[in-house]
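Below is one structure, written out as structure tokens, with a few remarks after it.
We did not get these values from a lab; they are worked out from the coordinates using the rules stated. Here the structure is a predicted model, which means the values were calculated and not measured. Glycine gets a Cβ as well: all are built from the backbone with ideal geometry, and neighbour counts include every protein chain shown.
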Amino acid sequence: MKMTHQQIKELAENALHEGCRHIQDALGVKTGDTAGLFFCGEVEDTIHTLFRHYIETELMIKTYDDEVTL
């Protein structure tokens, strides 16, 4: 499976949003105001970078697994 840099970036951003929403739902939080303040600037950049590296690793391993099972 191939993904563009933009697709990986968007997937990483969505992962952060979904993670925040999961926590907010569990805690009964009605707005994303605190998450918006907490995950901004350097913190947001760091989280996105970590998710992008994770996505790239999963893609690399999936590609390898797909090639091996052919």
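Any idea which of VAL43, ALA26, TYR54 is furthest toward the positive side of the dipole for the chain, if Lys and Arg beta-carbons carry +1 and Asp and Glu beta-carbons -1?
ALA26
Using only Cα atoms and rounding to the nearest 10 degrees, what angle (0 to 90) does helix 5-27 make with the longest principal axis of the chain?
The angle comes out at about 40 degrees.
Treat every Asp and Glu Cβ in the chain as -1 and every Lys and Arg Cβ as +1, leave all other atoms uncharged, and give the resulting dipole magnitude about the Cα centre to the nearest 20 debye.
140 debye
How high is the relative contact order of the chain, given as a whole-number percent (alpha carbon pairs under 8 Å, six or more residues apart)?
With pairs under 8 Å counted, the relative contact order is 50 percent.
Put a dot 7 Å past each Cα toward the Cβ at LYS30 and ASP45; how far apart are the dots in nm?
Once both label points are built, they end up 3.5 nm from each other.
Distance in nm between label sites at VAL68 and GLU10, each 7 Å beyond Cα in the beta-carbon direction?
Between VAL68 and GLU10, the simple spin-label model gives 3.1 nm.
Express the C-alpha Rg of the chain as a ratio against the empirical globular expectation 2.2 N^0.38 Å, rounded to two decimals.
Compactness ratio reported: 1.37.
In nanometres, what is the gap between the two model label sites at GLU18 and GLU58, each 7 Å from Cα along Cα-to-Cβ?
With each label placed 7 Å out from Cα toward Cβ, I get 0.7 nm.
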